[in-house]
Every structure is written in structure tokens, then in C-alpha cells.
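Asker: Mind looking over this structure? Questions follow.
Computed from the coordinates by the stated procedures, all read-outs in this text should not be read as laboratory data. Every value quoted in this text rests on a predicted model; they were computed, and no experiment measured them. We place every Cβ from the backbone using ideal geometry, glycine too, and count neighbours over all the protein chains shown.
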Amino acid sequence: MSDREYRKTATVMAHEATEGGVIHTLEGDHTYVAGDYICTGIEGEQWPVKRSIFESTYEPVGTAEGEQWPAPRKRGASDGEEG
């Protein structure tokens, strides 16, 4: 069986980090520096993306008037993290 090419088309929210830090993900801890982008998926999951990668692979999209981004899910005590 040969490989096929796929493109991911999910929409995410993102902001540019103003200082460095660490994000805890299911894959482990990921560090980021000022200027990197912090992406948030529709279920509230977050991950950092280096600025050069973000700017070459993501493009801005508009949000229709009145449309809201899905609210991130709140993490509860069962996740071992606070809200």
C-alpha cells in the first residue's frame, strides 16, 4: 500500500506569545519563546508553534458577525488540573 498526501483543514485560534513559557499537552511539556504562536483547538487543547512555521503554514480567516469560537472545555479535578 502506498502513501497518500493529506491536508489538515481544521480552524484554530492563535495568539503571539509575549514571553516564553511551557504548555502541558497530552504529548508532554512543550516550551515556547516570545514571538512563537500559541494555538487553541476547538476542544481547548493548546500547543505552541514556532513563528516561522506558523507564518508559513497558517493563514488568517474571518469570523462572521455574531459567530463565536467554541468555548474551550473546562478542565476539572478529574483531569488533575484546575479550571
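Asker: Given the range 9-59, what whole percent of its Cα pairs are spread farther than 13 Å?
Answerer: Tail of P(r) above 13 Å: 55 percent of Cα pairs.
Asker: On to the next question. Under a plain spin-label model, where a point goes 7 Å from the Cα along Cα-to-Cβ, how far apart in nm are Thr40 and His15?
Answerer: Taking the simple label geometry, Thr40 and His15 are separated by 0.7 nm.
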